[in-house]
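Colleague: Below you'll find the structure I mean.
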Amino acid sequence: MGRLTQEQIDLFTDEGYLILDDVFAPDDLQPLRREFEARIDRKLAAMQAEGCLTESYPDESFERRLTRIYRDSKENGEAVIAELEGPAGGGHHGIEMFRMITHPKLLAVVESLVGSPEIIGSSVYRVRPKVPGIGRGVVPWHQDSGYFMQLCDTQMILTVWIPLVDATEHNGCMQILPRAHRQGLVTHHTGGNAGFLVIEDTELPPTPAQPVVAAVPLGGAVFMTNLTPHCSTPNYSDGIRWSVDLRYQGADVPNNVGLWPAGEEDEAQLEQFQMACYPPEADFMVQSARHPANVMDYDTFVKRRAAFEQVKSIAYPKRGWTPVPLHAD
Ligand SMILES: O=C(O)CCC(=O)C(=O)O
């Protein structure tokens, strides 16, 4: 799998999404799975040392271990998941996470879809260990732009959703509404399941297409635009539906690549930070034909993410979405 064919690019442009089954060889994903396993191991060992965990299921698989912990104690399960997700969902920033974001096989596809070799990656990536029964595993209909700044509503930001196990309808893969992305951003509401934004069914953009089940095997990925409506259904299996979702954009799309927060920004500086699509998290160059020296290395990536995380004054996008209206039914 290298760059995409024109037919695949056209399909993405027309439908608003593309599912590829073979972006990676399954072995390519092993290092990230192992990195998550090691982090879970460390967290469970610490919890055992503190006396809050009796059984840590060391022989259980990547697909099952957290499920066992969660079933024994929701609180303990949540503590491990929180370690991986961090406060906003993209807390894990190990070297293998960085290698995944910058994987050459992935960037070849990303280049085809953003239409430029100048590619910016974003700290708006999320780690999702979707344990059966976990409330926030069910994500209501939304467009990713509902979470971004208005200035980026007409820009292309690419979401790449990568399962670390086979993702099926049974274990709660995503559903996507095809051919709706060209109608722009629709009204979102606050107060959807687990605090997510939600597009009400009656407010979904009209499209002749029916929702598609975005099942994808290990090694594959789902590519979507920031205006493609999608949702995530319950995990009915007895295993964890692991995935990561990453985001990319061309270098001409508003970003914060040139900015380093110092923690004492004045009003004018803070305003500058608001000129990115998602101000509170760090953007960084992942590929550049024009300025290869600007491509970020791992150490700088870690420092940059930390610098943004520490500055609480860089505001989240405020879109003015109103709460889900009360319905008579
Ligand atoms: O992984 C999921 O279940 C939901 C992902 C999602 O909604 C997103 O990537 O925007």
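Colleague: Suppose we filter region 238-267 for residues that are modelled with pLDDT of 95 or more and part of a loop (DSSP other than H, G, I, E, B); how many remain?
Modeller: Qualifying residue count, region 238-267: 10.
Colleague: Shifting gears a bit: Which pairs have Cβ atoms under 6 Å, sit 6 or more apart or on different chains, and link a residue in region 34-46 that is touching a residue at least 40 places away in the same chain (Cβ under 8 Å) to one that is surrounded by 13 or more Cβ atoms within 10 Å (Cβ to Cβ)?
Modeller: Correct list of pairs: GLU35/GLY94; GLU35/GLU96; ILE40/VAL80; LYS43/VAL80; LYS43/GLU83.
Colleague: Could you tell me which numbered condition VAL213 fails, if it satisfies all but one of (1) touching a Phe, Trp or Tyr at 6+ places or on another chain (Cβ under 6 Å); (2) within 16 Å of the ligand (Cβ to nearest atom)?
Modeller: With respect to (1) touching a Phe, Trp or Tyr at 6+ places or on another chain (Cβ under 6 Å); (2) within 16 Å of the ligand (Cβ to nearest atom), VAL213 is out only on (1).
Matching residues to (1) of a type in the set (Lys, Arg); (2) under 28 Å from SER116 (Cβ atoms); (3) assigned by TED's automatic domain parsing to the domain that holds ARG136; (4) without any contact (Cβ under 8 Å) to a residue 24 or more places away in the chain:
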residue	(1), (2), (3), (4)
LEU246	no, yes, yes, no
TRP260	no, yes, yes, no
GLN274	no, yes, yes, no
ASP297	no, yes, yes, yes
LYS303	yes, yes, yes, yes
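Colleague: Here's a follow-up. Could you say which residue among ALA282, ALA268, ALA221 is closer than 30 Å to ARG64 by Cβ and either among the aliphatic types (A, V, I, L, M) or surrounded by 22 or more Cβ atoms within 10 Å (Cβ to Cβ) (or both)?
Modeller: ALA221
Colleague: Separate question: Give just the number: which of (1) over 17 Å from LEU164 (Cβ atoms); (2) within 20 Å of the chain's Cα centre (by Cα); (3) in a loop (DSSP other than H, G, I, E, B); (4) within 14 Å of the ligand (Cβ to nearest atom) does ASN235 not satisfy?
Modeller: (1)
Colleague: Can I ask one more? Hey, could you check region 91-144 for residues that are away from the ligand (no atom under 16 Å from the Cβ) and hydroxyl-bearing (Ser, Thr, Tyr) and say which is nearest to the chain's Cα centre (by Cα)?
Modeller: Going through the qualifying residues, I end up with THR102.
Colleague: Also: Being outside the structural domain of GLN143 (by TED's automatic domain parsing) and either within 22 Å of the chain's Cα centre (by Cα) or closer than 17 Å to LEU106 by Cβ (or both) is true for just one of GLU60, GLU78, GLU15, GLU50. Which residue is that?
Modeller: GLU78
Colleague: Still on this structure, I have one more. Quick test of your reading of the structure: THR154 fulfils all but one of (1) touching a strand residue (DSSP E or B) at 6+ places or on another chain (Cβ under 8 Å); (2) free of Cβ contacts under 8 Å to residues at least 40 places away in the same chain. Name the failing condition by number.
Modeller: (1)
Colleague: Given the condition more than 19 Å from ASP21 (Cα to Cα) and either part of a loop (DSSP other than H, G, I, E, B) or assigned by TED's automatic domain parsing to the domain that holds ILE81 (or both), answer yes or no: does some residue in region 219-227 qualify?
Modeller: Yes: one or more hits.
The values are calculated or read from the model by the stated rules, or taken from the named source; none is laboratory data. Just so you know, these numbers come straight off a predicted model, no measurement behind them. All Cβ positions, even for glycine, are placed from backbone atoms using ideal geometry, and neighbour counts span all protein chains on display.
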